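The values are calculated or read from the model by the stated rules, or taken from the named source; none is laboratory data. For clarity, every value in this text was computed on a predicted model and none was experimentally measured. All Cβ positions, glycine included, derive from the backbone under ideal geometry; neighbour counts span all protein chains shown.
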Amino acid sequence: MSAHATAQSSQMRLHLRGELLEPLPQGALWWSDQRILIVSDLHLEKGSSYAARGQMLPPYDTSATLGLVEQLVADFAPDCVISLGDSFHDGKAERRMDEADTERVRSLTRRTDWIWVEGNHDPDPPAHLGGRAAKALRIADLVFRHEPTGESGEIAGHLHPCARVISRVRSLRRRCFVTDGERLIMPAMGVFTGGLNVLDTAYEPCFPEGGMMVFAMTQDAVIPISTKRLVPDGARSDLGKWRL
């Protein structure tokens with residue numbers, strides 16, 4: 001198998017086309033050789049978007065999501081941050097963002113080379129928040145884009161992958177990283193984002209060679225999940241005493 005995970009200093013490492021990447025329990029990737037932090041699908045201001053349509057959600061998603069990113073930037077001090085699209089929930093999201101959160105975004109983009117990869121929700125990231133935009137980005141043998149195409153070396157987001165397992169006593173559903181060693185799909189980091197089960201047929205063209213591997217996020221770690229343990233949403237099977 002061309003990709004595998006190893007535990008080193010209590011941290012998971014993924015191999016993708018010869019590059020070593022660290023998946024983080026917050027839902028980001030750390031590429032230490034390049035000092036690049038990769039995040040995806042922040043969906044800032046999703047709560048205010050729903051509120052505008054009459055579905056009231058707590059208006060704290062932007063602040064909470066930015067808090068995750070700020071902590072990662074403080075911990076890793078990256079030279080570059082790549083945000084893999086749908087950083088904003090819609091084209092008017094930055095207008096609804098309060099002044100304090102706006103300044104937090106500007107502070108982040110001032111601290112590092114910040115790249116907004118264009119998503120389907122935000123094809124034109126707001127220039128006044130700093131950073132620079134790209135439709136796709138190629139570094140070494142890797143390519144970064146929002147929507148997965150199945151290209152070798154691709155790191156993408158968009159699908160918000162989640163893994164579900166069940167036992168005799170409970171069902172557990174976790175955001176996850178999905179890879180086959182040639183390409184990788186990242187989980188959504190936005191705190192209000194939903195997820196698409198990795199058994200959905202939408203993933204099939206993303207991994208044309210098969211061999212999908214799943215790494216689920218827990219509170220403090222990222223752990224491998226056997227694909228034999230995965231179940232679709234709505235399933236009611238007894239898989240023994242498996243625990244995430």
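Among the residues of segment 171-199, just one is hydroxyl-bearing (S, T, Y) and modelled with pLDDT of 90 or more, namely T179. With the condition kept exactly as written, say whether any residue in segment 157-168 is part of a strand (DSSP E or B) and out of contact with any Phe, Trp or Tyr (no Cβ under 9 Å at 6 or more places or on another chain). Within segment 157-168 (the criterion being part of a strand (DSSP E or B) and out of contact with any Phe, Trp or Tyr (no Cβ under 9 Å at 6 or more places or on another chain)), the answer is yes, since at least one residue qualifies. Residue under question is E209, and the condition is that it be in a loop (DSSP other than H, G, I, E, B) and modelled with pLDDT of 95 or more; does it hold? So E209 fails the test. For I139, the criteria (1) modelled with pLDDT under 95; (2) among the aliphatic types (A, V, I, L, M); (3) over 16 Å from the mean Cα position of the chain (by Cα) hold in every case but one, which is (1).
When segment 109-122 is filtered for residues that are surrounded by fewer than 17 Cβ atoms within 10 Å (Cβ to Cβ) and under 22 Å from P187 (Cβ atoms), only N120 remains. Among the helices (runs of 4 or more DSSP H) confined to segment 37-117, the ones with at least 2 residues that are under 19 Å from G195 (Cβ atoms) and either out of contact with any Cys (no Cβ under 6 Å at 6 or more places or on another chain) or modelled with pLDDT under 80 (or both) are located at 46-52, 61-76. In segment 146-162, the condition of being surrounded by fewer than 20 Cβ atoms within 10 Å (Cβ to Cβ), on the phi > 0 side of the Ramachandran plot and out of contact with any helix residue (DSSP H, G or I) (no Cβ under 7 Å at 6 or more places or on another chain) is met by at least one residue.
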